[in-house]
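Let me begin by presenting the structure, written as structure tokens, before commenting on it.
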Amino acid sequence: MPKKVLLDTNFLLVPYQFRIDIFEEIGELIDGPHSFILPSGVMGELEKLSKGKGKEGAAARFALKLLGARKPAEVKSSGNVDDWIVEYARGSGIVVATNDRRLRGRLKKNRVKVISVCSRSRLGVV
């Protein structure tokens, strides 16, 4: 059974911000087969950000391009995206990829594994 990795909005901005290939790095962190999950709320946030100017808009547009090439499984989410991620991940055995410090804390309290940027050039499980 492939391990599922849920992608959060700010994590998808990492490839542009830090020049990290998040998909390759996750492949090195997770032994064996894995697949990616993208909540519809995250997709909505990215689309909204991509209309903006500056680095954040450019990062979001780059993220959308990467997702187009990777085609992760999209899951319908509702309400606040972070709240939904915590509920969805709790007790499910999935790994959440996020750089959001508050969300990371909430996930750790619920014993959910988190992948995050550890240094400006590497990812790690925190």
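Just so it is clear, none of the values below were taken in a lab; they were calculated from the coordinates. Note that the structure is a prediction, hence the values are computed from the model and not measured. Heads up, the Cβs are rebuilt from the backbone with ideal geometry, glycines too, and the neighbour counts pull from every protein chain shown.
Starting from 0.36 nm per residue, how many nanometres of slack lie between PHE23 and ARG90 once their C-alpha separation is accounted for? Separation in residues times 0.36 nm, less the Cα-Cα distance, equals 21.8 nm. A crude spin-label estimate for the pair GLU47 and ALA73, with each label 7 Å from Cα along the Cβ direction, gives 2.2 nm. Among ALA63, ALA73, ALA89, the largest mean-square fluctuation in a Gaussian network model of the chain, built with springs joining Cα atoms closer than 10 Å, belongs to ALA73.
Between the amide H of ASP8 and those of ALA97, distances stay under 5 Å, these residues lying 5 or more places away or on another chain, with hydrogens modeled in the peptide plane. Annotation: amide H-H contacts under 5 Å for LEU123 (H modelled 1.01 Å from N, sequence separation of 5 or more, or interchain): CYS118. Report summary: the helix-based calculation at 222 nm, which adds -39500 (n - 2.57) for every DSSP H run with n ≥ 4 and divides by the residues of the chain, gives -14000 deg cm²/dmol. For segment 3-125, list log₁₀ I(q)/I(0) at each q in 0.09, 0.19 Å⁻¹, using the Debye formula over Cα point scatterers of equal strength and ignoring solvent, two decimals each. Calculated log10 I(q)/I(0) at the listed q: -0.22, -1.05. Computed from phi, the 3J(HN,Hα) profile of segment 98-112 under the Karplus parametrisation 6.51, -1.76, 1.60 (θ = phi - 60°) reads 8, 10, 6, 4, 5, 5, 4, x, 5, 5, 4, 4, 9, 6, 9 Hz, with x in place of Gly and Pro. For the options ARG90, ARG104, ARG19, a Gaussian network treatment of the chain with springs between C-alpha atoms closer than 10 Å singles out ARG19 as fluctuating the most. The relative contact order of segment 1-81 comes to 37 percent, based on Cα pairs under 8 Å that sit 6 or more residues apart. Karplus-derived 3J(HN,Hα) values for segment 66-71, using 6.51 cos²θ - 1.76 cosθ + 1.60 with θ = phi - 60°, are 4, 5, x, 7, 8, 6 Hz; glycine and proline are entered as x.
Under 37 °C and 0.692 mPa s, how fast does segment 1-74 diffuse according to Stokes-Einstein, given a Kirkwood radius computed over C-alpha pairs? Answer in µm²/s, whole number.
Details: Rh = 12.6 Å.
Result for D is 261 µm²/s.
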